[in-house]
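Remarks on the structure that follows.
The values are calculated or read from the model by the stated rules, or taken from the named source; none is laboratory data. Computed from a prediction, not measured in an experiment: that's the story for all the values here. For neighbour counting, all protein chains shown are included, and Cβ atoms are generated from backbone atoms with ideal geometry for every residue, glycine included.
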Amino acid sequence: MRRPLSVAMDLTDTKRIRGSADNTQRYDRQLRLWQKDGQAALEAARVVVFGSSTLASESLKNLVLPGVGDFVVVDDALVCEHDARTNFFVRAEDVGRPRAERIVENLSELNPDVGGQAVVRAPASVVGPDAAPEDAALLDGASLVIACAQPEPVVRALSERCWAAGIPLLAATSMGFLAELRTSTCEHTVVESHADARADLRVMAPFAALRAHAAAVSLSALDSTDLAHVPFVVLLIKALDAWAAETGAEKRALTYHQKMAVAAAVRQMAPGPDEENFAEAAAAVTASCADYAIPAE
């Protein structure tokens with residue numbers, strides 16, 4: 001049996017690199033989408049891909065670049081001239097060589113933090129009933145399995161094994177501008193809202209010290225310089241109190257229109273249109289005038 005080519009880097013070194021500030025800058029754009037927890041899950045993921053076609057290499061490219069943990073490509077196909085013309089991750093001089101090895105080596109160059117391994121075996125023999133123990137172990141620890149342009153018997157065999165092991169399976173095929181993607185996975189519930197970080201200023205229910213500080217500030221007694229330095233939180237508390245006293249409404253569970261009325265009250269308190277702290281207070285009404293509650297998650 002031919003031994004698989006392994007180009008995986010040392011995992012200890014990988015963890016060290018991934019914890020660096022440089023990587024935070026490198027992955028800045030995607031961290032804004034799925035934040036640190038999502039990036040940590042991606043870096044801990046192990047993806048097994050059956051097939052080494054252009055579809056497989058392009059799918060892996062979009063996992064390697066953002067920093068997937070490691071990946072395995074299972075296929076026994078050899079690079080042909082057609083591959084050299086259509087697959088970016090093989091070259092003309094690769095013709096006749098195992099395609100899985102070539103795309104693993106070239107994909108690994110995109111991100112040195114990612115480990116890659118090629119298993120030069122026919123997918124049908126790896127997932128079939130006569131599979132060797134080491135072949136069956138290929139799926140151990142896998143986070144995701146992708147079958148690219150595989151025959152239906154291979155997809156069905158993979159689906160049965162992945163379902164039993166609780167591993168999501170994606171079966172993809174493509175032809176020109178047409179593509180098909182099928183999924184096979186158990187129910188998977190995720191609650192991670194990534195809500196905007198908002199400071200709890202307790203404007204709706206100030207604690208005693210904050211209430212006393214706001215009451216001690218007399219806006220009418222301040223000159224223009226001192227007035228410009230009044231924190232916008234104090235302005236919000238005063239405007240909210242004035243609005244509640246005028247309307248008789250309770251300061252809880254404000255509707256959008258009520259918040260707009262409070263913002264208007266803030267602007268009416270301003271001596272002029274160019275007071276930055278009053279403008280800041282008016283802009284902060286929507287986010288700050290909300291009831292405090294412990295997040296459900």
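Data overview
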quantity	calculated
Residue count for the range 250-270, restricted to those that are part of a loop (DSSP other than H, G, I, E, B) and either β-branched (Val, Ile, Thr) or modelled with pLDDT of 90 or more (or both)	2
Condition met for residue 105 (part of a helix (DSSP H, G or I), among the acidic types (Asp, Glu) and in contact (Cβ under 8 Å) with a residue 40 or more places away in the chain)	yes
Failed criterion for residue 151 (all others in (1) within 22 Å of residue 61 (Cβ to Cβ); (2) touching a helix residue (DSSP H, G or I) at 6+ places or on another chain (Cβ under 9 Å) hold)	(1)
